[in-house]
Amino acid sequence: MRSVVCDSAAEDLLASYGKTNKLAVGLLIGQIVENGKDFIVHLAKTPHSEQNKIEETTEELSNIADIKNSLVAEHALNAIRMIVGGFNILGLFVVSEANIMSDNSALQKLKTVLMDIKSTLDSNGILYANTDEQDNGDKLVLNYITSHKNYICKTISTDPSKATSPSPVDFKFVSKGIDWYEFETIYEIDTAFPLLHSNNHFDTEKYIMATIDDIAGNLAKSIMFFNGDPQSIDTTVEKFIKDGSGDSSKVKVTIYSEAFQAPLTASKNGILTPHESLVYYTGIVASRIYGSPRSTIAEIEKFILNDIIRSITTRLQIYYDALLANDDGGNDNDEDQDVNSTIPPRRVFFHPVNSPISFCDYLFQNENEETTVKQSMDILGVDLDSSDVDISAEAVAQLKVLEKCDSPGICEETVNLTTNDSGKLILILGIIGLVIALIVSVALHFLLK
Amino acid sequence: MTANLQISQLVVNRLKNLKDVCGGGLFGLMYSKNLIIMGFDLESSDILNFKKMQDNFPTETDLCGLFKFGECSDTEAHMQEILACVDITDNPILLKCSHKGDEFELKASQYRNGKLVEIEYEVISEEILYRQFFYARLLGYVEIAIDNNVKSIKNEFLNVRKKLASGNVIFQCQDHRIFFDTDKVIGLNQEAVMLDLLDVLKVKKQDEGKKSKKEQIPTDFTTININCLIKKSDENEKNSRAALNFVLERNRILIPIKIDAIAALHINTKTMALYDILVESLCRTLRLVEENVLEQTEKVSVPSTFHFKPDNFGHFYTCIYADSTPDDEKHLTSKRRELHQQLGIALTRPVFRRSNNYNFSVTNSSLLVNPHVGLKSSVIGGKQSLVQGKYTYHHYMQDNFNDDGWGCAYRSLQTLCSWFRFQGYSSTKVPNHEEIQRYLVKVGDKPSNFINSRQWIGSMEVSTCLHGFMNVDSRIMHVTSGSELASKGSELAYHFESQGTPIMIGGGVLAHTILGVDFNSNTGELKFLILDPHFTGSDDLQIVQNKGWCGWKNSSFWDKTAYYNLCMPQRPIMF
């Protein structure tokens, strides 16, 4: 039987949802530990009833059948982007008056919700959100029954060919959770990938997202040092901490990789042709992940890989979402162009007071900690102070100045330069204006004399 | 403090054989309190060669002085310039060479405070050279994006070199958890020297290998492979921690560069010193690649690295060739000609063709290379004339192919082919039995049912195939009986001295390979160094040598009643 433990603070949270809502549904966020107990570290209620952008959902949720699958799935996508690697959405919690485990239609509905979450997460780039390999597609459903102040947890298979009947789970609230160990690293990318050429943002996005696969492949072959030393992959975190001399509360990880090998198109006789389009990455991805004492170094390495790739996928998706939103917005007004969406957002971390782990968010250049405070409330239900947000992990992305801009059209896609250039243009126009004004005034001065 | 001077025996031998030469630069290696001269180049009148050749020598092998013959005005003129370029020592070396009749005289002096002081030197034998020095081969990969113009190429290569040289890489002993970082060695004692490292790497090999393999007298340098990894988590201040960003660029060429660089090392060098040496290796090879890319006209093609170790040289020499340029292309041929001249190598043998590329992996192959090394002959007053260069031992039952009883001449032919491959005359792979049979059918020598048969071939067929596969002509020597071979001492000795190729002998009976003769021209006593293809066991040197599968044989080895044909391959004149 699957074993799951959850911090007892979550029980109070469920009870409080029960007081204000007739029915509440939300995400179970946690880590699956191979051959061990799974941990739930956070419960995130899906905003069904509160003031939400989507107007038709303002009514109070009262019936399982009323749950909007798309809303929960979208919530899951937004949430996974804020969850660091190694943690995932393990299932749903449902706060209800009656026990839903015996209600077949409710279970059937929850199965479709879980399937929709899965398909949404699967279709949004490499997020490593799919845990089928570890849980066989069996997702947790934690039901808190307000009438009895009782809870029950079971799994439902998301495999459409399998019956909906839930399987039992050994679920416990524990007052003292386990000791999580934090592993911190940065991953620098300074490399070019050949890209199919297109003038269409949608295509370019698709081609760029495809390069993340190559980055993941390279990362998978990397060597990681922990607090400065290589470790054998079957060492457990517990043993590593015990034997180690470094800081055990925060383990520093260093990544060493072979250089990327782009699939190059040399002709048979070795002649290299210029690539019509190349994407050139620079800068770092800051990463923080958490491992339990029973995790092995191999698992930790996998979590780090998942975290870095999830972070790259997320920030590029957010970047393109913003870019495309502006594109559609209208070409009528240049002022409208959100200049800050022209650089991918950077990652920030925050550590909620009652949480054992940190979460993350992505900020564009014009956004600040307040954006994260709001985002964490909306998505995770976490009340933050802006001082809780750590913006030091990554600095604002630097502009890479291209050396060549010798023919028209070459810079049109160089998104970074457009902001710079328009700024310069304004400056130049201003100076020209001033000079003309000066000439005119001097001329007038002499003419009127 | 001035260093003790040592000179490689191979350098002395090469200097001795130079004719009509004024002088040139000396390349050497500093270690502990010694300076050992490993190689040299020849300087002619106008241009100074050593400057552009420096990067082609292994890392740590640097210009350290000059040598000259007699009183050559050219060299006098260059001397000051060469001396000014010596970086690795404050006391450059001058070797004065002279031929006095048959005698060769070599005197060494050293510049100390602007004055020449004659010094003693020690000649280091080949065996000691191979025992005390080894090479680290650095392997890795980088890609450099360029616009196809000189400025961009220079800029981008400079940027990459800067980045790699600023602590952005770490080195790993291939297949071992031993790492070399800027300030520490991981997986070894911080005080460890290279010998300790070699021990660690070797212990592992012995564990894996079969027991009781006889240790061969070293005939070459040990090489260790080191991987170059890029640091992705560089925490130092240079890193601004700027978040991930990207730009789209257009019409750039991505050049794939397989890093393959070698550094010469002494066993007593501290492993701590390796990081800086390997970084210099990286930079050297990138400078060579850059030079190659700049030389390429119009279209850029993939630059590939080739390491050459000419016979009796005692050091490597590295060249980068563009993949699109074939060996026989005019420009490349003329570059090779120059190189032969600059290094004092006759234009009669291939040395810097792609197929001469040093085969680092040969020791990993199960085939025995030169199994005759270490065997002793006992002809009193005899002179040994042996096969020159390398070959592999091919015999019955190899490649999971049962040719017991009929394949001996095929195997002997394979050994001959391997020799031509090793020596760079051909890059064609050693043919198997079926390929040999197909070729003989194709040229009309055999009927079509010969393919996949178990029929023998003889010396004539071997000669035909050598021509077909390796483009090599052979001389056929016919003897009417085995006893006649006893009178062929001078002729065979001459073959091994002038051609140095292995000989296939067949005829009425079994086929063998002759690798050399030991001949006393006064007494007429003669022994043959035989490589026997009828061996069916595993490739264990001890068995092969002790049981005489490779060994010295008397004339009585040959059948007195049978006739023999000897296929004596002739080296093509090429370079």
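Within region A:222-234, residues that are part of a strand (DSSP E or B) reach partners that are open to solvent by 20 Å² or more (accessible area, probe 1.4 Å) and of a type in the set (Val, Ile, Thr) with beta carbons closer than 8 Å, at six or more positions or on different chains, in the pairs A:Met224/A:Thr254; A:Phe225/A:Thr254; A:Pro230/A:Ile223. As a summary of the residue check, A:Asp229 satisfies the conditions (1) under 24 Å from A:Phe303 (Cα atoms); (2) loosely packed, with under 13 Cβ neighbours inside 10 Å; (3) among the acidic types (Asp, Glu) except for the one numbered (2). Checked against (1) assigned to a helix (DSSP H, G or I); (2) open to solvent by less than 20 Å² (accessible area, probe 1.4 Å); (3) at pLDDT below 95, A:His75 meets all criteria but (3).
Can you confirm whether B:Tyr275 is aromatic (Phe, Trp, Tyr) and within 13 Å of another protein chain (Cβ to nearest Cβ)? No.
Just one of the listed residues (A:Ser267, A:Ser232) is small (Gly, Ala, Ser), modelled with pLDDT under 95 and closer than 30 Å to B:Ile255 by Cβ, namely A:Ser267. Pairing residues of region A:65-81 that are touching a residue at least 60 places away in the same chain (Cβ under 8 Å) with residues that are open to solvent by less than 70 Å² (accessible area, probe 1.4 Å) and among the small types (Gly, Ala, Ser), at Cβ distances under 6 Å and at least 6 apart in sequence or on separate chains, gives A:Ala79/A:Ala44; A:Ile80/A:Ala129.
If you filter region B:286-340 down to residues that are of a type in the set (Ser, Thr, Tyr) and within 14 Å of another protein chain (Cβ to nearest Cβ), you find that the one that is least open to solvent (accessible area, probe 1.4 Å) is B:Ser301. Screening region A:166-190 for residues that are among the β-branched types (Val, Ile, Thr) and within 14 Å of chain B (Cβ to nearest Cβ) and picking the one that is farthest from A:His351 (Cα to Cα) gives A:Ile189.
Conditions (1) open to solvent by less than 40 Å² (accessible area, probe 1.4 Å); (2) farther than 17 Å from B:Gly500 by Cα; (3) not in a helix (DSSP H, G or I), marked per residue:
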| position | (1), (2), (3) |
| --- | --- |
| B:Asn402 | no, yes, yes |
| B:Trp406 | yes, yes, yes |
| B:Thr415 | yes, no, no |
| B:Ser426 | yes, no, yes |
| B:Ile436 | yes, yes, no |
| B:Arg454 | no, yes, yes |
| B:Thr464 | no, yes, no |
| B:Gly468 | yes, yes, no |
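For the criterion of being closer than 30 Å to B:Val160 by Cβ and without any contact (Cβ under 8 Å) to a residue 24 or more places away in the chain, A:Ala210 passes.
Name every residue in region A:84-101 that is within 24 Å of the chain's Cα centre (by Cα) and part of a loop (DSSP other than H, G, I, E, B), in order of residue number. Result: A:Val84, A:Gly85, A:Gly86, A:Phe87. Could you tell me whether A:Ser257 is at the interface with chain B (Cβ under 9 Å from one of its Cβ atoms), touching a residue at least 60 places away in the same chain (Cβ under 8 Å) and more than 19 Å from the chain's Cα centre (by Cα)? Against the criterion (at the interface with chain B (Cβ under 9 Å from one of its Cβ atoms), touching a residue at least 60 places away in the same chain (Cβ under 8 Å) and more than 19 Å from the chain's Cα centre (by Cα)), A:Ser257 does not qualify.
Only residues that are within 13 Å of another protein chain (Cβ to nearest Cβ) and crowded, with 19+ Cβ neighbours inside 10 Å were counted in region B:243-267, giving 14.
The listed residues are A:Gly217, A:Gly244, and the only one of them that is away from chain B (no Cβ under 11 Å), open to solvent by less than 80 Å² (accessible area, probe 1.4 Å) and over 20 Å from A:Arg288 (Cβ atoms) turns out to be A:Gly217.
Might you let me know whether region B:269-283 holds any residue that is assigned to a helix (DSSP H, G or I) and among the charged types (D, E, K, R)? Yes, some residue in region B:269-283 is assigned to a helix (DSSP H, G or I) and among the charged types (D, E, K, R). Applying the set (1) in a strand (DSSP E or B); (2) closer than 16 Å to B:Ser8 by Cα; (3) open to solvent by less than 30 Å² (accessible area, probe 1.4 Å) to B:Gly140 leaves exactly one unmet item: (2). For the residues A:Phe226, A:Phe202, A:Phe193, the requirement of being under 25 Å from the mean Cα position of the chain (by Cα) and within 10 Å of another protein chain (Cβ to nearest Cβ) singles out A:Phe193.
The listed residues are A:Val279, A:Val237, and the only one of them that is among the β-branched types (Val, Ile, Thr) and touching a Leu at 6+ places or on another chain (Cβ under 8 Å) turns out to be A:Val279. Residues considered: A:Ala129, A:Ala106. Of these, the only one that is small (Gly, Ala, Ser), closer than 28 Å to A:Thr372 by Cβ and outside the structural domain of A:Arg288 (by TED's automatic domain parsing) is A:Ala129. Filtering region B:106-126 to residues that are modelled with pLDDT of 90 or more and farther than 17 Å from B:Leu26 by Cβ leaves B:Ser125, B:Glu126.
Looking across region B:531-573 at every residue that is of a type in the set (A, V, I, L, M) and touching a Ser or Thr at 6+ places or on another chain (Cβ under 8 Å), the one that is surrounded by the fewest Cβ atoms within 10 Å (Cβ to Cβ) is identified as B:Ile573.
Inspection of region B:488-499 finds no residue satisfying the criterion of being in contact with a Cys (Cβ under 7 Å, 6 or more places away or on another chain) and surrounded by fewer than 22 Cβ atoms within 10 Å (Cβ to Cβ).
Cβ separations smaller than 7 Å between residues 6+ apart or across chains give the following pairs from region B:151-178 residues that are away from every other protein chain (no Cβ under 12 Å) to residues that are open to solvent by less than 10 Å² (accessible area, probe 1.4 Å) and part of a helix (DSSP H, G or I): B:Ile153/B:Val293; B:Phe157/B:Leu286; B:Arg161/B:Leu286. One residue is enough: does region B:117-134 have a residue meeting the conditions within 12 Å of chain A (Cβ to nearest Cβ), under 30 Å from A:Phe225 (Cα atoms) and either surrounded by fewer than 20 Cβ atoms within 10 Å (Cβ to Cβ) or of a type in the set (A, V, I, L, M, F, W, C) (or both)? Looking through region B:117-134, none of the residues is within 12 Å of chain A (Cβ to nearest Cβ), under 30 Å from A:Phe225 (Cα atoms) and either surrounded by fewer than 20 Cβ atoms within 10 Å (Cβ to Cβ) or of a type in the set (A, V, I, L, M, F, W, C) (or both).
The values are calculated or read from the model by the stated rules, or taken from the named source; none is laboratory data. Predicted model only: the values in this text are computed from it and were never measured. Cβ sites come from the backbone with ideal geometry, for glycine too, and all protein chains shown count toward neighbours. The accessibility values were calculated without ligands, DNA or RNA, using every heavy atom of the protein model including side chains. Shrake-Rupley method; radii C 1.70, N 1.55, O 1.52, S 1.80 Å.
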